[in-house]
Each structure stands twice: as C-alpha cells, then as structure tokens.
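The values are calculated or read from the model by the stated rules, or taken from the named source; none is laboratory data. Only a predicted model underlies this, so the values are computations on that prediction, with no experimental measurement involved. Backbone-built Cβ (ideal geometry, glycine too); neighbour counts: all protein chains shown. To get the accessible areas, we keep the full protein, side chains included, count just its heavy atoms, and leave off ligands, DNA and RNA. Shrake-Rupley method; radii C 1.70, N 1.55, O 1.52, S 1.80 Å.
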Amino acid sequence: MDVNDKKDLCSPCEFKSKTETARKWCTECEEPLCITCSENHNANRYFRNHHVISVEGNQLLASLQIPLNEYCEVHDKKKDLYCSSHGQIICLTCTQTTHGKCVPAARLSDVSKNAKTSTFVTMLESNIADVVDQLRDIIKDRENNKVEIEKQKNEILEDVRSYRKCINDKLDQVESIIIEDLNGKCQTFNLKIDNIVMFLNDHLKKFDEIRKQMDTLKEYASDTQTFIGAKALGKTLHYNESMLTSVLELIQNINITLEVNQDIFVTCADIKSFGDIRVNTLDTGYCNLQKNRGQCPIDHQLKLSKALEIKIPQEFFFRSIILSCVILPNKQMIFVDSHARNKRLIVLNEDGTPNRNINLTGRPFDIAVIGSNKIAISFPWCTRNRIGIIDLTNNKSEPDIVFKNKCYGISYDKDRLFVVVKTEGILIMDLIGKVSACLPIEGVGIFYVHVKNDRLYCSDECNDTVQCYDMEGCSIWTYKDSNLVSPRSISSEENFILIAGCKTNN
C-alpha cells in the first residue's frame, strides 16, 4: 500500500487490522480518525478536550508551512513553556539554563488559552489588515501621481503652444527639443512608478497570503497551534514590512513644471532652448509600516510576592488618602497624601520606617521623580492649577508651572514633563513650563500618564481601558479586560506595564 494512502486511513482501526477512511484529525494525538473512532475519542474523558478537526483542515494547516509544534533541538524536548521576558517558547530544561534568570515561565497551554480571541491575535490580524490597506492606498496614490503627471504634461504642452504663437518660425526647432525633453522625463518617471507599483503589488499578494494563513489558523488550528503559528506569521510579517520600508522611504512624488526662458521674447536668434523641464520630487509622507505599532500587549498573571508591608503614619484623626507614590534613586519612598486636612508628602526609608513629612500648601494629586534629587507634584484642586518642583536636598520649591485648566497625572522622561491637562490633552514641556507639544489625548476618565521608551500609556477609569500612544499622539493599541476595573496609576518594570485596578483591588 502506498504511504500516502495510509495517511487517509483511521489509525485506531488500522491498529485493529481494519481499513476505514479517516475523516477527522486529532491535533493532540496527531493521528487520523474515522467517524466512529472520532465519536469514541470525543466521548472519552481523557481526550474530550483534544482539538479535533477535519482531515482537510489538517491538510490546510500543513500547507501553511508554519511551525505549529515547536521542538527544542538543544535539549531534545517538546517546548511547552513560555518565557515572557524574551517572548520565546521554551522547554523545561531551558528554564534551568539559558532562561534561568528570567521571570518564571508559564505553561504554553495557559498562555495560549483562548488565543483566537486574544489581544495578541486580534492585533496581529489588525496589523495585517493595516499593511494591506496602506499598500492599497499607496498603490492608488502612485496611480494618481501618474494621472497628475499627465495632467501637468498637458498643461505644459498648452503653455508651450501658447508661447510659440508669440514668436517666429525659428521656434519650431526649440519646440521639438522641449517636447522631446518633456516626453523623455515623463517616460522615465512613469517607468519608475510602474516598477514601484509592480513591487508593491507583489508584496500585497504576500500580505494577502499571510491574512489567508491567519484565517486558516483561526478556523482549523488549536489554540496552541494558533499561538505558535501567529508568532511565526508575526515574524514573516515583520520581515516583509522591513523589506517594504527600505523601498517606501525612497518613494517621492513627481511634479513637473516649466521654467520659461524670458530671453525668448528679447531675441529669437540667440535662443537655443525653449526652457527646462524641472522635476520636483516631494516626500510622500508615507510612514514606516511599523512606526505606529508597538508590541502587542499580552496579559500575564504575574506571581507577586510581598517584599515589604508599609504602614502609613497617620496624622491626628484624618486618614490618609494615597493617590500616588514613587521610589527615589536612593531607595526612599514618597507617598502622596491628598487628604484635604493633611496635604503632605510622606517620605519613608527603604525599610519602610518614617523619614519625614513634607507639608504642602495645596492638595496634591500625582508625583514624578526628576533626576536624583527633585520631584514634581501636580495640584489640580488649588486656586492656581499648577505643578510644583521641590529640591529634596533642601526642601526648597522652584517656581511653579501654572496651567489654565486642571492638571492631574504627570510623568518625567528625557528632560521632559508629560502632564494630563483637562480639556487640552497631554502637554509636553520642559522644567520651566515651555510647551513643545500638545497631544490630543483627552477623556473624562483619563487622569494618569506614564512614559517609557517613547510610548505614552494612559489609564481611562471610566471606560476601564489602558491605552498606548506614540509621541505624536497616534493610538497604537487599547487594552481592556474584565479583571481590570477602574484602572488608575501606571508603572513599568522591564517588559511589563503594571496598572492599579481600583475597583478590582489588583
């Protein structure tokens, strides 16, 4: 019997020396099943959670040529763990060797659970769609440029004929020269555009193929296969995007104008040229395909351990209202007490023992560390909406930065302050209050901002979302989860963004 014919036979039946055509395929057992064996397989409590698909679906998955089951060639083991520090799928031995110092690895089955509806896969699909849409827009724009070139060509030709009526028959010669020059340059740049369009159409087909592969994954692959396959597709997408970027940076719009030789009206005898065909190249403004996309956020259930239990010193009978806190470079901690009667900063030592209080003239909201010995504090509830800057070495205040509207969350990065100002957005300024940019990021529930690696993260406690933006205010992704309600203060650690859920106490 041919080997390929055996693939179409039911494996359990073949074991029992029976010949039954396989209709189903178990991705966990990796064997074909007939209808009867498939029903028995699904009825068995040990196998009922296995992912069973049609034989045709398995053939489609195989045709994707994407590694859906990774195997560790170094340790000769199946990769069934996920290292969130490196975003890699690893085996058990890897956690004791190359990934020994990483965040404890999670089970691949836990990370890939509900992968088809996960933020990672959803954003990957969105990224693929974005690339396809952008390419279509670019191709359309290139075609429009050809139409515009033809229009400009006709306008120049009309000008040439109009000017020629004012001069004598000697201009027949120079007219032919200018037309030849015009046609030559139009032909040259039209050919360049045709080559670019051909290149873009080729890549459009590639991205369409990636999208089809993604659809096939979602329809037939298991969650684990979808997760692994999506990562492979993500790499393919990244590679093709990189190839495109080098070409897109070189694309320029072509505008053709006529610079008229004014001497033509003085004397025709000395004229050797009707004029020059000038080609002006303008940047198209095409963005890098990856510019507005950050890493897709993946929710991780971090196992946190209590390192220190801090008891906030209470003043009189007024219970502290802590809205924000920071850790200084010297490991001291500062807590913002926003109670109307307290209005203070509580400074604690590294071990949690009290160091001192810094009394304030107004109710503070948020705090940011500036360098090694300065802090910035926002005061949205004072008569003057302001940010105060305090030198911790002598507890002296520097001149306030005053705002027209209420200022809430603040973050400091690369000598810049980022301030959430109601009805205005997020203002970017230096330490004397000179505004360099105003990002249109504004919402009823947006009070906190955090900046890291040229990305802005905002929490919207009204919509229960966390949003990521680039430095131009363009949205990169929005994260929402039922386990995070009323998100507020934001912090970061290496590859993680940490958000405090007020109403979910997490």
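Find out how many positive minus negative residues lie around residue 146, taking Lys and Arg as positive, Asp and Glu as negative, among other residues whose Cβ is under 12 Å from that of residue 146. Once all neighbours under 12 Å are counted, the net charge is 0. Membrane-span-like helices in the chain (whole DSSP H runs, Cα extent of at least 20 Å along the helix axis, mean Kyte-Doolittle hydropathy of at least -1.0): 119-164, 171-220, 223-248. Taking the average, over residues, of other Cβ atoms within 10 Å as the packing measure, peptides 228-237, 96-105 rank 228-237, 96-105 from highest down. Peptides 333-339, 12-18 ranked from most to least packed give 333-339, 12-18, packing being the mean of other C-beta atoms within 10 angstrom over each peptide's residues.
Note on the chain: dipole from Cβ charges, positive end direction compared against 33, 188, 357; the farthest Cα belongs to 357. In terms of distances greater than 29 angstrom between alpha carbons, the cross-link table entries 452/480; 331/452; 16/116; 79/205; 78/101; 192/218 yield 16/116; 79/205; 192/218. Per residue, the average separation of C-alpha pairs within less than 8 Å and at least 6 apart gives the chain a relative contact order of 7 percent.
Annotation: aspartates and glutamates with alpha-carbon distance below 14 angstrom to residue 306 (same-chain offsets under eight excluded): 351. Convex hull volume of the Cα atoms of the range 413-506, normalised per residue: 96 Å³. Modelled spin-label separation between residue 373 and residue 157, with each label point placed 7 Å from Cα along the Cα-to-Cβ direction: 7.6 nm. Nonpolar atom fraction for the range 209-250, defined as the carbon and sulfur part of the 1.4 Å probe accessible area, stands at 52 percent.
When the charge dipole of the range 337-482 is built from unit charges on Cβ atoms (+1 for Lys and Arg, -1 for Asp and Glu) and taken about the Cα centre, the candidate among 411, 399, 441 whose Cα reaches farthest toward its positive end is 399.
Here Kirkwood radius over Cα pairs in Å was calculated from the structure, and among (1) 28.9; (2) 23.8; (3) 26.1 it sits at label (1).
Under 16 Å of direct C-alpha separation, and excluding same-chain neighbours fewer than eight residues apart, residue 170 reaches these aspartates and glutamates: 263, 270. Figure legend: label point modelled 7 angstrom from the Cα of residue 492 along Cα→Cβ; residues of the range 328-354 with amide N under 19 Å from it are 328-329. The largest accessible area among 381, 477, 25 belongs to the first residue in 381, 25, 477, and the rest follow in falling order (1.4 Å probe, all chains).
Per residue, how many Å² of accessible area does the chain show with a 1.4 Å probe? Provide the component values of the computation, followed by the final result.
Values: 28600 Å² over 506 residues.
I get 57 Å² per residue for the chain.
The label-point distance for residue 143 and residue 39, in a model that sets each label 7 Å from Cα toward Cβ, rounds to 5.4 nm. Near residue 428, once Lys and Arg are set to +1 and Asp and Glu to -1 for all other residues with Cβ below 15 Å from its Cβ, the sum equals -3. Inter-label distance, residue 340 to residue 17: 9.1 nm, where each label sits 7 Å from its Cα along the C-beta direction.
On full extension of the chain, what length is gained from residue 332 through residue 65, given 0.36 nm per residue of separation minus the C-alpha to C-alpha distance? Provide the component values of the computation, followed by the final result.
Working: separation 267, 0.36 × 267 = 96.12 nm, distance 5.39 nm.
Residue separation times 0.36 nm, minus the Cα-Cα distance, leaves 90.7 nm.
Arrange the peptides 142-152, 362-372 so that the one whose residues have, on average, the most other Cβ atoms within 10 Å appears first. Walk me through the intermediate numbers first.
Numbers: 142-152: 15.0, 362-372: 19.5.
Top of the packing list down: 362-372, 142-152.
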